[in-house]
Amino acid sequence: MKNIQELRNIGISAHIDSGKTTLTERILYYTQRIHAIHEVRGKDGVGAKMDSMELEKERGITISSAATYCRWKGHQINIIDTPGHVDFTIEVERALRVLDGAVLVLCAVGGVQSQSITVDRQMNRYRVPRIAFINKCDRSGADPLRVIRQIREKLNENPVLMQIPIGLEGNLSGVVDLVSMKAIFFEGERGDSLVVKEIPDELKEEAEARREELLDAASLFSDALTEAILEDRLEEDLIHEAVRKGTLSRELTPVFLGSAYKNLGVQPLLDGVTRYLPSPTEVDNVALDLDKGEKEIPLTVDPGAPLVALAFKLEVTPYGQLSYLRVYQGSIGKGDDVIITRNRKKIKVGRLVRMHADEMEDIDRAGAGEIVALFGVDCYSGDTFTDGRLNYTMSTMFVPDPVISMTVVPSDNKAQGNMSKALNRFTREDPTFRAHVDQESGETIISGMGELHLDVYVERMKREFNAQVVTGIPQVAYRESITAKAAFDYTHKKQTGGAGQYGRVAGCMEPSRDGSYAFVNEVKGGSIPTEFIPSVDKGFRSCLDKGQMLGFPVVGMQITVNDGKAHSVDSSERAFAQAAVGAFRQAYSKARPVILEPIMKVSIECPSEFQGNVMASLNQRRGLIMSSAEDGVFSAIDAEVPLAEMFGYATVLRSLTQGKGEFTMEFSRYAKVPESIAEDLKREFREKGKGGK
Amino acid sequence: MERFISASPLKLLERSSRKGLGPGNLGVLIARAGVGKTACLIHIAFDRIFHGEKLVHVSLDETPEKVTSYYNVILYDLVKALDMEDEYEVRGRIDRNRLILAYLNQSFSLERLENNLGNLEKNMGFKPDTLIVDGMDCKEASRDLFGQFKQFAESLETEIWFSALSHRHITETNERGIPYPCHQVDDLFSIILQLQPETTGMHLRLLKDHDHPSISDVSLKLDPGTFLVMEKG
C-alpha cells in the first residue's frame, strides 16, 4: 500500500433484510471488482458475491463476515460484510474489532430496528465512526425523515442529511447533493452513469433548508467553515472537511440515501466512505505487552516497526485454512517467519493473499492498516502475530459463555470422522461455539448462543463436511448455586493395607457475592499443613463441575476452611483433596442449593395493535416486561425471559403478529428457577437416571 | 430499603394532611430546567416501590433505555450513600414492580396509555398503584387533558405524579401562591411540590396540600447530589 491515508477498512452492518449484501454487491460492481450483479435470492443460481457460503445463498442471509477489497477514486477500501442475526454477534464483534469505520445500513421503511440498535451499541464499544445509508427509498412506505428521527432518538446519534431524495417510493429517481447543490441521476441499465443536473424547482426550497441544517451541524466542527459561512465564501472542501471532523469524533453521522437494489445512490455513498471515514492512521489502536503485565502499548501505523497483526477470522477452503489478518503495525511478507503470541509457535508465511469474497489474489507484502489473508497457517481466531521482537497481544475480545447445547450423533462411521473435522474447524473459527464429549453418555454435545446459531453449524456440517448427524432437543445451560451458609467437618480416613489416607477439613460454604468461586484459607496453627491447602482447594473445585442436585455446574460459592487435622504418615495431597470432596458433599445439601437458568434480554418490535398479544405470549413464557416504547404505529417491547421458554418463539411471534413482528435476544444473567419448574427438572433428572441404569 | 424510606423526599408528605397523595389524585413537581425533576420523580418511584406498590413510569421524551439508566445511576448513588447491602434484592424488586412506557415522537395520547395499561393488566396482571408521567409539556397541555387524567386516576384508583417545567423569567403566580405553569390548573392537583435550588441547598416545598387551606412553610432540605433528606427546611 503506497499511501495509507487512502486506505479505508470499513464494515457494512445493519438489521437483517436492510439490504447490506445487495449494497455490497453494488459497491463491488461500481468499483469494477465484479462485472455482473447477482441478487441475494437470485434466480441465476450464482448468488451475491459476499454470500459465499452455500447456506447463506440458500437462506438469503449473511453468516460469515467475508472480507473483500475494492478501489474507488484512488482509495483502497477493505469491506467486511457483517451478519445481521444476533445469534452471530461474535462475527459482528470481531469485524468491528478490525474496522476503522462503518456504514450503517437502515431500511427506509423499517427504520432503526432492534438489531440496528445492538450493532450500534457494539460500534460504540469499539468507537467506530460511521456514516449511515438509508436504503430501500424506492419501497412503498419509505420515510427517510422518520429514520433520521429514529437515528437521533434510538441510537442517540447526531444524524445530518447529506442528500435529499428526488421522488420517493416508486418515483425515486435520484438524489440532491446538499454540498454541491446539484441533482444527481443514475442512468444506464445498472445506474452506471451519473448525470448531474440542476435541482428540480419543486425541491429547491427543501434543498436550501436541509443544506442550512447541514451547514449548522458541520460548522460546529470547523471555525474555518463558520467564518466562510459568515463571509459568504463557501467552498465544498470546507464542508467536507468539517463533516469529516465531526464524523471522526463520532459526534456527527452523515446520512446518505438511495436504493441499492434499484442502483440508486451507491456511488455518492462510496464518495462519502472515502471522504468522511478514517484511514488507519487516524484510529488509535493498542496492544497488551505480556512482558510488562499486559500494559497497554499504543501501536504505530508504521510499516518499518515490529509486526503486530491479529487473525480475526478463519475460513476453511478446499485447499486448507485461510486466516484473515489485520496488520496493525509493521508489515508481513511472503517467506517471513512470524510468531503466534498464544503458543510462541514460529510459522513461515507461505502464501499471502488479498481476498475478494471467495476469490483471492496473491501479494508479496502487506503493511500496517491492511487486511489480508494467510494461507495454510495453523492458528485460532483471535490470535496475535508478531515477528518475535515483541511479546504483544491485541486486547482480548469479550466472549460470552454458551447458553444452549444439544447432542449431535453421527449417522455412520464416515459421518463420525467428518463431524470431528467440522467441529474442530468450527471451534477454531468461532469462540462462542463449543463442542465436547459427555464423559457419562459418550455423546457429543455442541453449545452456542442460540437455536439459530447451532442450527447453522449443524447445516454446515452436513453441507460442507458431508457429516450427516441427528440432533437432540436443545438443552438450556442450567447452573446450580447455594443460597445459605453451611458448615462442614469431614475426616477422610482409609486404612487398606500399606500407606493409609488421612485428612480432616472443617469450615463452611456460603454464596459468594460476585457469583464466582472463592477459596478462603483461615487455617491457623498449621492444623492443615500449608503444603496441603492447594489440594483442599483443588478438591472443592473438582466438585464444581457437577453439582449434587442435578449435575449442573456449580457457580457462586465461597469456601472457607478454618480447621483440620493431618497425620504425620497417612496425610497426603490426595487424602486432603478427598477430604474436601467429602466435606463438599456433607455441606452442599444443607446450603439450600437451587437451580439457576439463563435469562435472556428479549426485544420485540411489532405493530401496536399486537402489543397485547405479544405481552400475553411473554407472560406465558415467564417473561418479565421491562418496558414498552410506542413510536408511530409500532411498539417495541423489552423483556427478560428464561431461555428455556424461548424455543420456537420466532414461529409463535410470526403467527401472533401476522408476520409483522420480530425479535432479538441476548444473554442477560442467570436467575433462580421457580420451585415448580425445579421440581420438573428434578423429576426429569431422576427418570433419566433410571433410564440410564 | 428502610434506610431509603426514612430519607426519601416523600418524607415531606408525612407532614401533609393525608400523609401522601393517595389513589385517584394528581400530584405535580415543579422545577426549573436542570434542577432534577426526573431524579426527584425517580425518588418518588423508589419510595412507592419500597412501600410494596407497583409503578408505571411514563416517559414522553426519553427512550426506555435512558429512563432505565437514570434509575440505575440514581440507585447506584443511593446504594453508595446509604451503604445498602441488599443491592441485588433492591434491583430485583424494582425490576419486578416497575414498568416503563415510553411514547416517542408525539405518539402519546391518553387513549393509548389507557389501552397499554389495559394490556398490562389483562395480559400480565400488572396494575399500577402509582403512575409517574415525566416529560409532559404542562404549558401546552390543556386543562381538559389534566381533567381526563384526574378521571383516569379515579377510575384506575391510582395516584399520578407529573413533572412541570418552570422558567426563571416567568414569575406568574396565582392568588393561592401556585406558580407558572400550574397556576391555572392547580384545582385539579391534590399535591403540588416545588423543587428549588437555593444557596443553602436544594429545597423541596409543599405548595398545595389537598383541600387543606393553610400551609405553613412545609419544606425539606435535600442533598443536591443524592436528593436524600438532609434536614427539615
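Scan A:G659, A:G632 and give me the residue that is open to solvent by 10 Å² or more (accessible area, probe 1.4 Å), of a type outside the set (V, I, T) and away from chain B (no Cβ under 14 Å).
On the way: A:G632 fails: away from chain B (no Cβ under 14 Å).
Within the list A:G659, A:G632, the selection yields A:G659.
With the structure loaded, tell me whether A:F610 is within 14 Å of chain B (Cβ to nearest Cβ), aromatic (F, W, Y) and over 19 Å from A:P511 (Cα atoms) or whether it fails that test.
yes
For the range A:296-339, what are the residues that are surrounded by fewer than 19 Cβ atoms within 10 Å (Cβ to Cβ), within 11 Å of A:F385 (Cα to Cα) and within 27 Å of the chain's Cα centre (by Cα)?
none
Only residues in the range B:187-208 that are among the aromatic types (F, W, Y) count as the first member; pair them with residues that are part of a strand (DSSP E or B), Cβ under 9 angstrom, at least 6 apart or cross-chain, and list the lot.
Every condition considered, the pairs that remain are B:F189/B:L26; B:F189/B:G27; B:F189/B:V28; B:F189/B:F162; B:F189/B:K208.
I'm checking my understanding of the structure. Among residues of the range A:409-434 that are out of contact with any His (no Cβ under 9 Å at 6 or more places or on another chain) and of a type in the set (D, E), which one is surrounded by the fewest Cβ atoms within 10 Å (Cβ to Cβ)?
Of everything passing the filter in the range A:409-434, A:D412 is surrounded by the fewest Cβ atoms within 10 Å (Cβ to Cβ).
How about the range B:38-85: which of its residues are more than 14 Å from every other protein chain (Cβ to nearest Cβ), among the aromatic types (F, W, Y) and open to solvent by 60 Å² or more (accessible area, probe 1.4 Å)?
Result: B:Y76, single match.
When you go through A:M600, A:M615, A:M557 one by one, which is the residue that is more than 13 Å from chain B (Cβ to nearest Cβ) and within 30 Å of A:G661 (Cα to Cα)?
Residue meeting the stated conditions: A:M600.
Give the range B:52-65 a look and list any residue that's of a type outside the set (S, T, Y) and at pLDDT below 90, or say none.
B:D61, B:E62, B:E65
Do we have any residue at all in the range A:279-295 that's in contact (Cβ under 8 Å) with a residue 24 or more places away in the chain, assigned to a helix (DSSP H, G or I) and either open to solvent by less than 20 Å² (accessible area, probe 1.4 Å) or of a type in the set (S, T, Y) (or both)?
The answer is yes, given that some residue of the range A:279-295 is in contact (Cβ under 8 Å) with a residue 24 or more places away in the chain, assigned to a helix (DSSP H, G or I) and either open to solvent by less than 20 Å² (accessible area, probe 1.4 Å) or of a type in the set (S, T, Y) (or both).
Counting only residues that are of a type in the set (F, W, Y) and more than 43 Å from the chain's Cα centre (by Cα), how many does the range A:564-590 have?
Residues meeting the conditions: 1.
So which residues in the range A:452-476 are assigned to a helix (DSSP H, G or I) and either more than 15 Å from A:V403 (Cα to Cα) or in contact with a Pro (Cβ under 6 Å, 6 or more places away or on another chain) (or both), if there are any at all?
Result: A:V456, A:Y457, A:V458, A:E459, A:R460, A:M461, A:K462, A:R463, A:E464, A:F465.
How do the pairs read when you match residues in the range A:578-597 that are hydroxyl-bearing (S, T, Y) with residues anywhere that are open to solvent by 70 Å² or more (accessible area, probe 1.4 Å), using Cβ under 9 Å and keeping only pairs 6 or more apart or on different chains?
Cβ pairs passing all conditions: A:Y588/A:Q548; A:S589/A:Q548.
Looking only at helices (runs of 4 or more DSSP H) that lie completely in the range A:158-269, which have at least 3 residues being open to solvent by 10 Å² or more (accessible area, probe 1.4 Å) and touching a Ser or Thr at 6+ places or on another chain (Cβ under 8 Å)? Steps first, please.
Numbers: elements: A:201-219, A:223-230, A:236-248.
Because the criterion is at least 3 residues that are open to solvent by 10 Å² or more (accessible area, probe 1.4 Å) and touching a Ser or Thr at 6+ places or on another chain (Cβ under 8 Å), the helices (runs of 4 or more DSSP H) in the range A:158-269 that meet it are A:236-248.
Which numbered condition trips up A:R669, out of (1) within 26 Å of the chain's Cα centre (by Cα); (2) within 14 Å of another protein chain (Cβ to nearest Cβ); (3) crowded, with 19+ Cβ neighbours inside 10 Å?
Unmet condition: (3).
In the range B:86-113, what count of residues is obtained for those that are crowded, with 17+ Cβ neighbours inside 10 Å and either of a type in the set (S, T, N, Q) or within 12 Å of chain A (Cβ to nearest Cβ) (or both)?
The total comes to 12.
Given (1) open to solvent by 10 Å² or more (accessible area, probe 1.4 Å); (2) away from chain B (no Cβ under 14 Å); (3) touching a Lys or Arg at 6+ places or on another chain (Cβ under 8 Å), identify the lone condition not met by A:M646.
Of everything listed in (1) open to solvent by 10 Å² or more (accessible area, probe 1.4 Å); (2) away from chain B (no Cβ under 14 Å); (3) touching a Lys or Arg at 6+ places or on another chain (Cβ under 8 Å), A:M646 misses just condition (1).
If I ask for residues that are open to solvent by 40 Å² or more (accessible area, probe 1.4 Å) and either in a loop (DSSP other than H, G, I, E, B) or within 7 Å of chain A (Cβ to nearest Cβ) (or both), which ones from the range B:114-123 would you list? Don't jump to the end; show me each part of the working.
Of the residues in the range B:114-123, the ones open to solvent by 40 Å² or more (accessible area, probe 1.4 Å) are B:114-115, B:121-122.
Hit for the range B:114-123 is B:K122, nothing else.
The values are calculated or read from the model by the stated rules, or taken from the named source; none is laboratory data. Owing to the predicted nature of the structure, the values given are computational and were not obtained by experimental measurement. With ideal geometry, Cβ positions are generated from the backbone for all residues, glycine too; neighbour counts draw on all protein chains shown. The protein model used for the area step is the full one, side chains on, heavy atoms only, and it has no ligands, DNA or RNA in it. Shrake-Rupley method; radii C 1.70, N 1.55, O 1.52, S 1.80 Å.
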